[in-house]
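Here's the structure we're looking at; comments come further down.
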Amino acid sequence: MDRVAPLELLDLDGNLSADDRDMRAVVRQVVDERVRPHVATWYEEGRVPVRELAAEFGKLGLLGMHLTGYGCAGASATAYGLACLELEAGDSGVRSLVSVQGSLAMFAIHRYGSEEQRQRWLPPMATGEAIGCFGLTEPDHGSDPAGMTTRARRDGTDWMLTGGKMWITNAPVADVAVVWARTDEGIRGFAVPMDTPGVTAREIKHKMSLRASSTGEIVLDDVRLPGDAQLPGAEGLKAPLSCLTEARFGIVWGALGAARDCLETAIAYAVDREQFGRPIAGFQLTQAKLADMAVELQKGYLLALHLGALADAGRLRPEQVSVGKLNNVREAIAIARQCRTILGANGISGEYPVLRHANNLESVLTYEGTSEVHQLVVGQKLTGVSAFV
């Protein structure tokens, strides 16, 4: 009998424009050519060629692709989501590289920076010549960024920054960090060149997840910055949280890519693998697993398409993004774990991507807001009562 790919089950591509489908095909091809042949080795060795990939993605216009001007593509939110889906089908770390560059560092400068800051940083970041990172999370303040202890104090017309940031994607190779710090006037953002005296970045080693991603700690030891390093439009915690909403939107789509790759792998394996004299795809329990996973994948894709349409119409709200991240990452990790059972012992082999995706999704489940945080965001919107304090 004829087979269909998991995301073709409901013919949902009819919701996409021809440009969206063309862009998706281009990203899928570059992932097939530049990521898939190497990512198992990168993961095993705990490294990733960030600059080489950034240059490749820059040529395709993927870096800051949903932003306009300054060399950015000005693509639709749905197109950006589809790109994230294809990138994470390769590896979550690869999608994180693009997400942090475009939705966190570039978005912060684009939305809140001065014209001088935009002109200085955005064009080289769009091409991948310059790498950015986003310094919000601290060693003792993850889900509660309002508790940050990194300080910025005025010294004449300059700023002096002291503190540290942890679990910062791209930090070890970055040229600029968007750093958030507490000042006497409240939380403010700064564009910090990473070669500034007093700034050091240390690679975090021995990760069991997101190994094909460059992750680091940033230490700020009396870092002197000129007054114009401050992002003039960023006032209060709302600014970095808006950047997180941008990044979370990409995760809504990206997690589906990891899930799709796991499910496609499990289906191909089940069709070829024989036990008791027949392919395991012919057993009812196996088909029940595959069917349930395909249904959840379709539902997640429908949700992502809906959020993309809202974003393109300018009507997407933060709590709606929370619904998307909560559901799609939770279902993606469940799909990855279930697919591993279909592959049996082979499921733990680096020859197959399933357990690598599952391990990566353990990080995706908790970064950019844990599942519990997103549950409370949704709960607050439903009840009108905050449970955060």
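For Gly156, state whether it is out of contact with any Asp or Glu (no Cβ under 7 Å at 6 or more places or on another chain), small (Gly, Ala, Ser) and either at negative phi or open to solvent by less than 10 Å² (accessible area, probe 1.4 Å) (or both). Spelling it out, it is not the case that Gly156 is out of contact with any Asp or Glu (no Cβ under 7 Å at 6 or more places or on another chain), small (Gly, Ala, Ser) and either at negative phi or open to solvent by less than 10 Å² (accessible area, probe 1.4 Å) (or both).
Picking from residues in segment 343-353 that are of a type outside the set (Gly, Ala, Ser) and part of a loop (DSSP other than H, G, I, E, B), the one that is most open to solvent (accessible area, probe 1.4 Å) is Glu351. If you filter segment 179-192 down to residues that are part of a strand (DSSP E or B) and farther than 15 Å from Ala108 by Cβ, you find that the one that is most open to solvent (accessible area, probe 1.4 Å) is Arg182.
Cβ separations smaller than 8 Å between residues 6+ apart or across chains give the following pairs from segment 231-253 residues that are touching a residue at least 60 places away in the same chain (Cβ under 8 Å) and farther than 21 Å from Arg118 by Cα to residues that are open to solvent by 30 Å² or more (accessible area, probe 1.4 Å) and outside any helix (DSSP H, G or I): Arg248/Glu368; Phe249/Leu316; Ile251/Glu368.
Residue-wise test of (1) open to solvent by less than 20 Å² (accessible area, probe 1.4 Å); (2) of a type outside the set (A, V, I, L, M); (3) in a strand (DSSP E or B); (4) within 17 Å of Ala105 (Cα to Cα).
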{"position": "Gln117", "(1), (2), (3), (4)": "yes, yes, no, yes"}
{"position": "Cys133", "(1), (2), (3), (4)": "yes, yes, yes, yes"}
{"position": "Thr162", "(1), (2), (3), (4)": "no, yes, yes, no"}
{"position": "Ala177", "(1), (2), (3), (4)": "yes, no, yes, yes"}
{"position": "Arg211", "(1), (2), (3), (4)": "no, yes, no, no"}
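Within segment 244-257, is there a residue that is open to solvent by less than 30 Å² (accessible area, probe 1.4 Å) and over 21 Å from Leu104 (Cα atoms)? No, because not a single residue in segment 244-257 is open to solvent by less than 30 Å² (accessible area, probe 1.4 Å) and over 21 Å from Leu104 (Cα atoms).
Of the numbered criteria (1) open to solvent by less than 40 Å² (accessible area, probe 1.4 Å); (2) at pLDDT 95 or above; (3) not in a helix (DSSP H, G or I), the one Cys262 fails is (3). State whether one or more residues within segment 100-110 are open to solvent by 30 Å² or more (accessible area, probe 1.4 Å), part of a helix (DSSP H, G or I), in contact (Cβ under 8 Å) with a residue 24 or more places away in the chain and in contact with a strand residue (DSSP E or B) (Cβ under 8 Å, 6 or more places away or on another chain). There is at least one residue in segment 100-110 that is open to solvent by 30 Å² or more (accessible area, probe 1.4 Å), part of a helix (DSSP H, G or I), in contact (Cβ under 8 Å) with a residue 24 or more places away in the chain and in contact with a strand residue (DSSP E or B) (Cβ under 8 Å, 6 or more places away or on another chain). Per the conditions (1) open to solvent by less than 50 Å² (accessible area, probe 1.4 Å); (2) modelled with pLDDT of 95 or more; (3) not β-branched (Val, Ile, Thr), the sole criterion not satisfied by Glu362 is (1). Only one of the listed residues (Ala126, Ala152, Ala146) is touching a Ser or Thr at 6+ places or on another chain (Cβ under 6 Å) and touching a residue at least 12 places away in the same chain (Cβ under 8 Å). That residue is Ala152. Taking the listed residues Arg315, Arg330, Arg340, Arg356, the one that is outside any helix (DSSP H, G or I), open to solvent by 20 Å² or more (accessible area, probe 1.4 Å) and modelled with pLDDT of 95 or more is Arg315, with no other qualifying. Can you confirm whether Gly81 is touching a residue at least 40 places away in the same chain (Cβ under 8 Å) and either open to solvent by less than 10 Å² (accessible area, probe 1.4 Å) or of a type in the set (Gly, Ala, Ser) (or both)? Yes; evaluated as a whole, the condition is true for this residue. Among the residues of segment 138-154 satisfying the criterion of being in contact with a Lys or Arg (Cβ under 7 Å, 6 or more places away or on another chain) and assigned to a strand (DSSP E or B), which is nearest to Tyr367 (Cα to Cα)? So, considering only residues that are in contact with a Lys or Arg (Cβ under 7 Å, 6 or more places away or on another chain) and assigned to a strand (DSSP E or B), the one nearest to Tyr367 (Cα to Cα) is Glu138. Right, Glu203: at pLDDT 95 or above, surrounded by fewer than 23 Cβ atoms within 10 Å (Cβ to Cβ) and in contact with a Ser or Thr (Cβ under 9 Å, 6 or more places away or on another chain) or not? Yes; evaluated as a whole, the condition is true for this residue. Evaluated against (1) part of a helix (DSSP H, G or I); (2) open to solvent by 30 Å² or more (accessible area, probe 1.4 Å); (3) within 30 Å of Arg182 (Cα to Cα), Arg224 falls short on exactly one condition, (1).
The values are calculated or read from the model by the stated rules, or taken from the named source; none is laboratory data. This structure is a prediction, so every number in the text was calculated from the model and none was measured. Glycine also receives a Cβ, built like all others from the backbone with ideal geometry; neighbour counts cover every protein chain displayed. When the accessible area is computed, the model is the full protein with side chains, heavy atoms only, and any ligands, DNA or RNA have been set aside. Shrake-Rupley method; radii C 1.70, N 1.55, O 1.52, S 1.80 Å.
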